[in-house]
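Q: Before we start, here is the structure in question, set down as structure tokens.
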Amino acid sequence: MRRLALLTILLAPITAQAQDAFCNGLRQIVQAAAQDFAELPQGTHYLHGSVNERRAVAPPVQGGPPRAVYYAVMLRDNSPRAFTLADGHMRSLQTDITRCLPQAQASGVGSNDRGSFQTWTLERAVVGLRREDSRGFASSTEIEVSITSRW
């Protein structure tokens, strides 16, 4: 019992540092959305725990202009435990994004036959969290955070 208590005390600062690193990176990307992420150096991982990060241009929606998007894959797993692992990871990311961006307007969680999604709307950016499950012969799960400029 003492070992568990000691382990909990020792791991608490590491968890807090990881959460702070995630928040700092997310805020930096959200701030850079106003300039289409031009001020962010290429090839750098900004979101702590990401598997892959990239930029793209989203096609126009309803006649609007194209928008810059920053994508970060937070989980990609094709193992038998993927779905169970993804549930906890998705909840953790929802909590972290809400905590990191208290001024954001959160949408409800939506879902379809392939997964679930949620958005947080800010003045100059929309943060999205998407989980996609592929079931069948080659089942896999992916969780992705996207930050889209709102110009």
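Q: In whole Hz, with x marking every Gly and Pro, tabulate ³J(HN,Hα) for the stretch 120-130 from phi via Karplus 6.51 cos²θ - 1.76 cosθ + 1.60, θ = phi - 60°.
A: Those phi angles translate into 10, 9, 10, 4, 10, 8, 10, 9, x, 10, 10 Hz.
Q: Right, here's the next one. Within a Cβ distance under 15 Å of Tyr70, other residues only, what is the Lys/Arg minus Asp/Glu net charge?
A: Local charge sum for Tyr70: +3.
Q: Determine, for Ile143, Ile29, the number of other Cβ atoms within 10 Å of each Cβ, and report the residues in order from fewest to most.
A: Ile29, Ile143
Q: In what order do Val109, Val126 fall by count of nearby beta-carbon atoms within 10 Å, going from fewest to most?
A: Val109, Val126
Q: Have a look at Ala56, Gly88, Tyr71 and report the one farthest towards the positive end of the charge dipole of the stretch 38-96, computed about the Cα centre with Cβ charges (Lys/Arg +1, Asp/Glu -1).
A: Toward the positive end, the furthest listed residue is Ala56.
Q: While we're here: Once label points are set 7 Å from the Cα along Cα→Cβ at both Ala34 and Ala56, what is their separation, rounded to one decimal in nm?
A: Between Ala34 and Ala56, the simple spin-label model gives 2.7 nm.
Q: Please give the length that would be gained between Thr44 and Ala21 if that part of the chain were fully extended, namely 0.36 nm times their separation in residues minus their C-alpha to C-alpha distance (nm, one decimal).
A: Going from the current span to full extension adds 6.9 nm.
Each value in this text was obtained by applying a stated rule to the coordinates, not by laboratory testing. Model, not experiment: these values are computed from the prediction. With ideal geometry, Cβ positions are generated from the backbone for all residues, glycine too; neighbour counts draw on all protein chains shown.
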